[in-house]
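The values are calculated or read from the model by the stated rules, or taken from the named source; none is laboratory data. What you are looking at is a predicted structure, and each value in this text was computed from that prediction instead of being measured. Cβ sites come from the backbone with ideal geometry, for glycine too, and all protein chains shown count toward neighbours. In case anyone asks, the SASA skips ligands and DNA or RNA and just uses the protein heavy atoms, side chains included. Shrake-Rupley method; radii C 1.70, N 1.55, O 1.52, S 1.80 Å.
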Amino acid sequence: MKFKIIVGSILCAGLLASCTDQMDYKEYTLYEKDYVDNNFDYTGALVTKIYTYFDQDFGSYDGAMMASATDEAEYAYKDNSIYKFFNGGWSPVTAQSSAWKNSYAAIQQSNLFLQEFQGLKFPEFVVNDDYIANLKQYQRYPYEVRALRAYFYFNLVKQYGDVPLFTNLISTEEVNSLTRKPAQEVFKFIIDECDDIIDSIPMRWSDVHSGIDDTKNAGRINRLFVLALKARASLYAASPLFNANNDTDLWRQAMMANKAVIDSAKVEGKALGNYGDIWAESNYKSSEIIFTVRLGSSNKYEKYNFPMGVEGGQGGNCPTQNLVDAYEMTNGKAIDEDGSGYDAQNPYVNRDPRLALTVALNGDSKWPDYNTSELQTYYGGLHGEPLPGATPTGYYLKKQLNRAVTLQAGKTNEKLHNWVTFRLGEFYLNYAEAAFRYTGSADMIPANCELSARAAVNVIRQRKGINMPVLNGGLSADAFWKKYENERFVELAFEGHRFWDLRRWKQGDKLKSITEMKITKNVDGTFTYTRKTVSRQWDDKMYLFPIPQSERLKNPNLTQNPGWE
């Protein structure tokens with residue numbers, strides 16, 4: 001059977017890191033299968049093409065992040081499609097995601113490679129000096145592709161629950177007759193795939209053969225990626241949305257899978273570093289990073305989110321008061337806790353250092369670097385309402401932005417951006433959650449483990465440059481969970497987790513409203529801070545996305561998720 005393969009546009013911005021730290025991308029055109037499978041570069045390009053479907057959220061909804069569909073943020077422009085998540089505009093017709101289309105495109109591309117491009121020998125290249133190195137790398141491609149396919153199935157199951165599951169290349173007619181497999185069956189497939197391929201995926205590609213250049217393969221998945229995918233999938237599978245009967249063995253499996261990430265990362269010399277390094281320009285080199293999506297140089301994200309009133313800034317995703325309230329005082333107490341020392345007239349003093357690294361606050365200077373005035377987010381200020389596009393919450397975003405980007409006319413520049421898919425900090429938190437749910441205790445050290453749930457959270461709190469007080473022992477289950485959830489909210493803010501966490505925990509009620517902070521400046525130079533609650537719509541059907549109506553019209557065997565019929 002002949003296939004025409006589109007191998008074009010492999011030189012895409014979605015994966016580039018820098019001139020010296022990237023995969024070896026090339027640009028190709030339309031070729032027949034028998035041409036592609038006689039060339040190392042072309043078969044490698046088929047694998048590389050799958051990476052272009054990786055998701056990232058530097059403003060997936062015309063500048064809006066999914067954070068703005070949660071209690072993390074509010075988007076400054078109410079005509080943005082992100083508002084459909086909570087204003088009644090969400091439906092199977094307006095399905096609010098390209099995950100179905102993109103994930104299945106990646107899966108079909110994976111199945112194509114696994115079915116049509118295995119067992120090749122490339123005889124025309126035998127005399128080349130790099131033949132053995134190239135052949136060794138090619139022989140690892142099937143395992144790499146299976147890991148990629150598992151990743152895209154995870155993206156589907158976390159969003160839709162039950163989804164069609166297939167592992168062979170199928171025709172359009174076959175696609176349009178598929179039925180949905182139970183979510184736990186899909187999770188099991190992902191986890192089993194990771195287990196089956198783990199020993200065949202290298203930690204470094206030069207481990208396969210000394211002739212393989214690691215710099216040309218930077219950005220390619222490795223063994224830690226596979227462990228991380230299994231660990232995250234295991235956590236989701238154990239969570240209330242997918243584990244209605246609270247099967248504790250699923251929590252045990254999640255605990256051990258996340259422990260395996262931590263243990264392997266330690267062996268590889270990975271450790272928590274400076275918090276700001278997570279989204280720095282060279283974050284892919286950080287000791288904490290497991291995998292990033294390489295996106296090349298840009299200033300688009302800064303345009304979306306630099307403060308309105310700063311040249312070139314558009315306001316964008318504005319952190320909520322809900323998020324700001326989550327940052328504890330430096331003594332480790334919540335702002336509403338006795339003895340915290342919180343001063344409502346000086347609300348940003350003596351707060352968790354992650355607040356100042358994540359949120360641009362009224363009075364901040366040099367945000368961004370080319371802004372010569374202090375931020376004035378109060379009513380009537382240079383960067384506040386009623387200026388069109390000004391922050392509705394009283395705050396602007398810092399995290400994920402590069403303050404050295406300049407949007408001034410004649411001085412505009414761009415900086416490298418890489419979306420963090422997996423980092424070590426997440427897996428300490430994942431482990432803590434799973435260990436707590438498995439043992440029912442924050443302090444118990446599970447068998448064959450070294451950390452209690454509380455100790456794992458304390459690793460995060462004590463990261464370099466943050467040094468928040470440790471959680472003390474003896475917390476009740478409810479008290480620990482409150483601390484854990486808060487820690488996850490703060491630590492992983494604007495990294496694409498909150499939207500999914502509240503769903504897998506079945507805590508959708510927290511999305512029924514957000515709180516804005518309205519700041520006014522008094523005659524004497526002091527400020528008045530007034531909270532404003534903004535209602536949003538929530539319905540339990542929103543725990544899962546609707547199956548796109550366009551897909552159901554093509555395939556009547558696709559049942560709809562409950563409530564979306």
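Some notes on this structure:
- Candidate set: the stretch 271-296, residues that are polar (S, T, N, Q) and crowded, with 19+ Cβ neighbours inside 10 Å; chosen: the one farthest from the chain's Cα centre (by Cα): SER286
- Boolean, ILE190 is more than 23 Å from TRP251 (Cβ to Cβ) and open to solvent by less than 70 Å² (accessible area, probe 1.4 Å): no
- When GLU374 is tested against (1) closer than 27 Å to THR526 by Cβ; (2) in contact (Cβ under 8 Å) with a residue 24 or more places away in the chain; (3) of a type outside the set (A, V, I, L, M), only condition (2) is not met.
- Qualifying positions in the stretch 217-263 - part of a helix (DSSP H, G or I), open to solvent by 30 Å² or more (accessible area, probe 1.4 Å), without any contact (Cβ under 8 Å) to a residue 60 or more places away in the chain and more than 17 Å from ILE198 (Cα to Cα): ASP249, LEU250
- Listed by first and then second residue, the pairs linking a residue in the stretch 455-480 that is closer than 18 Å to GLU337 by Cβ and open to solvent by less than 30 Å² (accessible area, probe 1.4 Å) to a residue that is part of a helix (DSSP H, G or I) and at pLDDT below 95, with Cβ atoms under 7 Å apart and 6 or more places separating them unless they lie on different chains, form an empty list.
- Flag for ARG140 being within 27 Å of ARG504 (Cα to Cα) and assigned to a helix (DSSP H, G or I): no
- Close Cβ contacts (under 7 Å, 6 or more residues apart or on different chains) running from residues in the stretch 46-65 that are open to solvent by 50 Å² or more (accessible area, probe 1.4 Å) and assigned to a loop (DSSP other than H, G, I, E, B) to residues that are among the acidic types (Asp, Glu) and modelled with pLDDT of 95 or more are absent.
- Out of GLU74, GLU116, sole residue that is closer than 26 Å to LEU397 by Cα and either open to solvent by 70 Å² or more (accessible area, probe 1.4 Å) or charged (D, E, K, R) (or both): GLU74
- Counting the residues of the stretch 283-300 that are in contact with a Ser or Thr (Cβ under 8 Å, 6 or more places away or on another chain) and of a type in the set (A, V, I, L, M, F, W, C) gives 3.
- Tabulated pairs, the stretch 76-104, first within 25 Å of LYS554 (Cβ to Cβ) and part of a helix (DSSP H, G or I), second aromatic (Phe, Trp, Tyr) and modelled with pLDDT of 95 or more, C-beta under 6 angstrom, 6+ apart or interchain: SER81/TYR61; LYS84/TRP90; ASN102/TYR53; SER103/PHE152
- Scanning the stretch 82-98 for residues that are at pLDDT 95 or above, within 19 Å of ASP62 (Cβ to Cβ) and open to solvent by less than 30 Å² (accessible area, probe 1.4 Å) gives ILE82, TYR83, PHE85, PHE86, GLY89, TRP90.
- Flag if PHE527 is open to solvent by 10 Å² or more (accessible area, probe 1.4 Å) and more than 20 Å from ALA67 (Cα to Cα): yes
Residue-wise test of (1) under 25 Å from the mean Cα position of the chain (by Cα); (2) closer than 13 Å to GLY44 by Cα; (3) without any contact (Cβ under 8 Å) to a residue 24 or more places away in the chain.
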residue	(1), (2), (3)
PHE117	no, yes, no
PHE125	no, no, no
TYR131	no, no, yes
GLU144	yes, yes, no
PHE154	yes, no, no
LYS158	yes, no, no
LEU165	yes, no, no
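- Answer from SER68, SER110 - the residue that is touching a residue at least 40 places away in the same chain (Cβ under 8 Å), over 30 Å from THR167 (Cα atoms), among the polar types (S, T, N, Q) and part of a helix (DSSP H, G or I): SER68
- Residue check for ASP352: touching a helix residue (DSSP H, G or I) at 6+ places or on another chain (Cβ under 7 Å) and not polar (S, T, N, Q): yes
- When residues of the stretch 340-380 are limited to those that are in a helix (DSSP H, G or I) and open to solvent by 30 Å² or more (accessible area, probe 1.4 Å), the one farthest from VAL405 (Cα to Cα): PRO353
- Of all residues in the stretch 538-565 being assigned to a helix (DSSP H, G or I) and in contact with a Leu (Cβ under 9 Å, 6 or more places away or on another chain), the one that is surrounded by the fewest Cβ atoms within 10 Å (Cβ to Cβ): ARG552
- Between GLY309, GLY296, GLY313, the distinction of being modelled with pLDDT under 95, closer than 26 Å to ALA360 by Cβ and not polar (S, T, N, Q) belongs to GLY296 only.
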